[in-house]
Each structure stands twice: as C-alpha cells, then as structure tokens.
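Visitor: Mind having a look at this structure? Questions to follow.
The values are calculated or read from the model by the stated rules, or taken from the named source; none is laboratory data. Computed from a prediction, not measured in an experiment: that's the story for all the values here. Virtual Cβ from ideal backbone geometry, glycine too; neighbours counted across all protein chains shown.
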Amino acid sequence: MITKTMNLRQRVLTVFKRGKPDRIPWEISFAPAVLEMVKREVGGRLEDFLQGSGGFRSVSVWKGIWWSASNPPSENEFFKKKFEKYLPRNLPPETQYFEWGIARIPGSEYHFQKIISPMANLTKPEEIDEYPFPDVLAEDRWLRIKREVSELKTLDVVIGTDCLSLFEIPWALRGMQNLMMDFLVNKDFTAKLMDWLEDLEVEFAKRFVYLDVDVICFGDDVGMQDRMILSPETWREWIKPRMKHIIDTAKQIKPDALIYYDSDGYIEPIIEDLIEIGVNVLAPLQPECMNIAKIKRRYSKWLSFKGSIGAQSIMPFGSPKDVKNEVKDRMNIFKDGGLFLCPSHTIEPGVPWENIKAFVEAVNEYGGY
C-alpha cells in the first residue's frame, strides 16, 4: 500500500524490484536535432517540461563511447595515430576515432553511422595479445566513477554501464560479418577474444559492486524486428555462460545486486535464459517487436521492465490521441507496477512535437497509481 509520496530514486528502485510506486517513473530522450526543437517549443524551459522524469543515471568507464560520443580534436588525433596499423588509410576527414580503436564515420542523422572495425583483418589468436587495448582499469577512471556514484546516489538510481557488453564490443572490434563467421569456423580466435572480455567484465562487475552502484547493466543489442541477430543457440554457446559468470561474481559479493539487460528488438527466445542467469530488469520492451501484455503476463514474476511506448510506430506516426491512449494502455497493463515508462528508443527527427507533448501530458495525467 502506498502511504507517502516517493522521490524519483525511490520510484525507480521500487519498480526495478518489481514493486508499485506512487507514480510511474518515466523519461523521454532525444537525438540532438530533436532536443533543439523541443527547447524551442518550450521556450528553453526544458527542466520544467520534463519535471518528474528520470531518476536514474549511468556511470561510464569509457572516455569516449563510439556509438554516440565525439572526442575533442586532440584525442581524436591521438587515437587515430595509435590505431593506424589496424585501420584503413584515407578515411574521410570527418571520421571519429575512439579508444578501443573503433572508428566511426558519421551519417546524416545521430544514429546513422558507419563503423570501421580495427580487428577486421586479424586471423590468429596471438594477435589479440598484441592489440593495444585501452587501460580501462586505470586508477584515475575508477576514482572518477567513485566520486560520481557518491554524488548521484543522493537523488538517482546509479547504473554501472557501457562496457558490460559481450556482443556489441566484439562485433564493433571485429566487424559483424567477421564475428558471425568466427562463431562458427574461427573458434580459437573467438574464444580468445571473448575470454579476454569476460575477464575484464568480471573485474568491472566486482568494482561496480564494491562502489555500491544500484544496478549493473549489460548493454547488448541482439534482436532485430522479428528475430535475433544471432541464433539463440549461438547466444547460448558464446554469450550466456560468460554473462552468468559475470552476474554470479557480482551476486556473490552483493546478493541483492540488480542486473539490467538492455537489448533492442525481438529477444523473446532468450528471456527465460536471462531470468535463469539472474537478470532482474529487461529493457527497452519494443511493442513493434514483442507483445507487451504477453511479456508482462509471462515474466513479471521474475522481471521488471523499461520502455513499452513505440518509438518506431506511435511516436512518429500516431496522433497525439494515439500517444495518450498508448500511455493509458500501459498503465492498465502494469497496474500493479513493475514498469519504467518511456519510448523504446531515443526520439529521432520526424517525430512531431505534438506527440512528444502528448506523451509528457499523458504521463502527468494518467501516471499515478
């Protein structure tokens, strides 16, 4: 029974533990061009417009995140030179270079980009030993993270994130096609790379737990619209046992550690596997890919959820009334809690301002329990 008004941190923790808060926690995030449009529409009063949103923040090991960040020119030049042995020559001047050696050629919009994989031409396991991986265990990084955790926990749920990836990092380093072939016919090389990442991420998990983050996040997009990128059998062979080792390590130290798994797309074939190895929160629940009511009905005994509003459907192509009805529908499905409500992805150009406004109005109007 709800007896008091909760703050944002309390709402998020309640939901992540499959509970029912006083109001549903929510957020909406924007690609840069959309963010500027929203600021114009609200007259610069963005905080007022988004009042009551949020409640959790990420702490990152990375200096630069290859899928969204941009480096200062000096760092860009440093990483370009450091990895010149591994990258093609004569990449376009706008190419951005990151500390794992991954390069990115920006496209026309925020998430449209071409990834250049520095390990694409490696063939032997011993070449992995020679690769100049970044020193992501450096003391200065973890002192920074310690400060951030201490500052953020007063108001927000803190998630240790970014590097706990056993699929996205390997394919970005190796190239998607190469990695898919490696899983089948180049197993010695793949095992070497995956074992190296597993050992590193076990260390990340221990450090995050000792720093008392609230949640440990695995960010690995393994789903497409109607199937998985890699087969469930391949995922179980290469990813699942390593994830289990990392999660077991965290929960041996802190048995109530919350584990958050973020994958876009259709991943229904492995949801029971995720529950088996200790995942507590599943995101982002894309309604274009999975039946929200069915997922909730089948798995809410073990999982809480984040997402559920169609970033590919209702938000760009529905009417404001459609958006509000979708919010009301989710409140009905999750009337006993367990949902952090948001669009299932960053809002991209093409989503009408009226629909963004309708989403925020609907949460404010219908978001109480």
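Visitor: Kindly evaluate Glu361 against the criterion of being surrounded by fewer than 18 Cβ atoms within 10 Å (Cβ to Cβ), assigned to a helix (DSSP H, G or I) and among the acidic types (Asp, Glu).
Guide: So Glu361 fits the description; yes.
Visitor: In this structure, is Val12 surrounded by 14 or more Cβ atoms within 10 Å (Cβ to Cβ), assigned by TED's automatic domain parsing to the domain that holds Trp171 and under 26 Å from Phe218 (Cα atoms)?
Guide: Here the answer is yes, as Val12 does meet what is asked.
Visitor: Looking at the stretch 107-148 only, could you name the residues that are among the hydrophobic types (A, V, I, L, M, F, W, C) and closer than 30 Å to Phe30 by Cβ?
Guide: The answer is Phe112, Ile115, Ile116, Val136, Ile145.
Visitor: Here's something else I'd like to know. For the stretch 252-287, which residues satisfy the criterion of being out of contact with any Lys or Arg (no Cβ under 7 Å at 6 or more places or on another chain), part of a helix (DSSP H, G or I) and surrounded by 17 or more Cβ atoms within 10 Å (Cβ to Cβ)?
Guide: Within the stretch 252-287, Glu268, Ile270, Ile271, Leu274 qualify.
Visitor: Additional query: Given the options Lys244, Lys294, name the one that is surrounded by fewer than 18 Cβ atoms within 10 Å (Cβ to Cβ), at pLDDT 95 or above, under 19 Å from Thr161 (Cα atoms) and not aromatic (Phe, Trp, Tyr).
Guide: Exactly one of Lys244, Lys294 is surrounded by fewer than 18 Cβ atoms within 10 Å (Cβ to Cβ), at pLDDT 95 or above, under 19 Å from Thr161 (Cα atoms) and not aromatic (Phe, Trp, Tyr), namely Lys244.
Visitor: Tell me which residues, restricted to the stretch 31-50, are within 30 Å of Phe208 (Cα to Cα) and either hydroxyl-bearing (Ser, Thr, Tyr) or at pLDDT 95 or above (or both).
Guide: Leu50
Visitor: Sticking with this one: Considering only residues of the stretch 145-161 that are surrounded by fewer than 18 Cβ atoms within 10 Å (Cβ to Cβ) and acidic (Asp, Glu), which is nearest to the chain's Cα centre (by Cα)?
Guide: Here is the first cut: in the stretch 145-161, the ones surrounded by fewer than 18 Cβ atoms within 10 Å (Cβ to Cβ) are 146-148, 150-151, 153-155.
Cutting the leftovers down to acidic (Asp, Glu) gives us 148, 151.
Working: Glu148: 19, Glu151: 22 Å.
Only one residue fits best here, namely Glu148.
Visitor: Could you list all residues from the stretch 329-347 that are part of a helix (DSSP H, G or I) and either crowded, with 24+ Cβ neighbours inside 10 Å or not charged (D, E, K, R) (or both)? Before the answer, list the steps.
Guide: The initial filter retains those residues of the stretch 329-347 that are part of a helix (DSSP H, G or I), namely 329-333.
Result: Arg330, Met331, Asn332, Ile333.
Visitor: Additional query: When you check Glu84 against the structure, is it out of contact with any Gly (no Cβ under 7 Å at 6 or more places or on another chain), without any contact (Cβ under 8 Å) to a residue 60 or more places away in the chain, assigned by TED's automatic domain parsing to the domain that holds Gly278 and at negative phi, yes or no?
Guide: Spelling it out, it is not the case that Glu84 is out of contact with any Gly (no Cβ under 7 Å at 6 or more places or on another chain), without any contact (Cβ under 8 Å) to a residue 60 or more places away in the chain, assigned by TED's automatic domain parsing to the domain that holds Gly278 and at negative phi.
Visitor: Does Glu326 satisfy being under 30 Å from Gly107 (Cβ atoms), not basic (Lys, Arg) and not in a loop (DSSP other than H, G, I, E, B)?
Guide: For Glu326, the condition - under 30 Å from Gly107 (Cβ atoms), not basic (Lys, Arg) and not in a loop (DSSP other than H, G, I, E, B) - is met.
Visitor: While we're looking at this one, here's another question. Which one of these does Val351 not meet: (1) under 24 Å from the mean Cα position of the chain (by Cα); (2) within 16 Å of Lys20 (Cα to Cα); (3) part of a loop (DSSP other than H, G, I, E, B)?
Guide: For Val351, the failing item is (2).
Visitor: One residue is enough: does the stretch 251-262 have a residue meeting the conditions closer than 15 Å to Cys217 by Cα and among the aromatic types (Phe, Trp, Tyr)?
Guide: Checking the stretch 251-262: at least one residue is closer than 15 Å to Cys217 by Cα and among the aromatic types (Phe, Trp, Tyr).
Visitor: Let me ask another. Go through the residues of the stretch 179-195 one by one and say whether even a single one is exposed (fewer than 15 other Cβ atoms within 10 Å of the Cβ), in contact with a Lys or Arg (Cβ under 9 Å, 6 or more places away or on another chain) and in the same structural domain as Ile267 (by TED's automatic domain parsing).
Guide: Within the stretch 179-195, one or more residues are exposed (fewer than 15 other Cβ atoms within 10 Å of the Cβ), in contact with a Lys or Arg (Cβ under 9 Å, 6 or more places away or on another chain) and in the same structural domain as Ile267 (by TED's automatic domain parsing).
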